[in-house]
Amino acid sequence: MLIYPVTHWDHDPETSPFDSVRSHGGDYRLTNAEVEDYFDLYVPDRQQRRDPHVAPLLAPDLSSQPATLVITAELDLLRDEGEAYGRALADAGNTAQTYRVEGALHGFISLPRISQSVQDAYEVINAFLDGDPVEGEQRNRREPI
């Protein structure tokens, strides 16, 4: 299970291929500048950030991966890259599901369990762990992505 994963190296609103980086990277819980700071700590060499071990979305072969559940948050700058990774895993022949939690910010999973966002995510996680995943890619409980 991947919860709002980082799967790409570019979080600059000027150059990123993802709309969510531009639309949610400056005004919500996690910002473009914070992600850049984390990358500076994790992989200071900017060229190494394109390595598939750092940016798995760039891997030339994603086949033979374990069954994967990717959970994204609607108002998170990492949303689009997480969903792209889920699609890439599925396109490579893996069992992969993507679930977007509507109205949620990055970090929502640490909210109290009474939060509707947390309850929705737990429902999908439990179904995935029980081997009864939600049909196809999901945006929320009822609507496909």
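The values are calculated or read from the model by the stated rules, or taken from the named source; none is laboratory data. All figures in this text were calculated on a predicted structure; none of them were measured in a lab. Positions of Cβ are backbone-derived with ideal geometry, glycine not excepted, and every protein chain shown enters the neighbour counts. Accessible surface areas use protein heavy atoms only, side chains included; no ligands, DNA or RNA. Shrake-Rupley method; radii C 1.70, N 1.55, O 1.52, S 1.80 Å.
If you go through region 81-107 and pick out every residue that is among the polar types (S, T, N, Q) and closer than 9 Å to Val70 by Cβ, you end up with 2. Among the residues of region 3-61, none is identified as in contact with a Pro (Cβ under 9 Å, 6 or more places away or on another chain), assigned to a loop (DSSP other than H, G, I, E, B) and of a type in the set (Lys, Arg). Under the condition of being without any contact (Cβ under 8 Å) to a residue 24 or more places away in the chain and surrounded by 13 or more Cβ atoms within 10 Å (Cβ to Cβ), the residues counted in region 102-115 number 2. Restricting attention to region 116-133, the residues being within 14 Å of Val70 (Cβ to Cβ) and open to solvent by 30 Å² or more (accessible area, probe 1.4 Å) number 2.
Taking region 13-46 as the range and being modelled with pLDDT under 95 and more than 27 Å from Leu111 (Cβ to Cβ) as the test, only Arg46 passes. For Ala33, the conditions (1) under 30 Å from Asp120 (Cα atoms); (2) surrounded by 15 or more Cβ atoms within 10 Å (Cβ to Cβ) all hold with the exception of (2).
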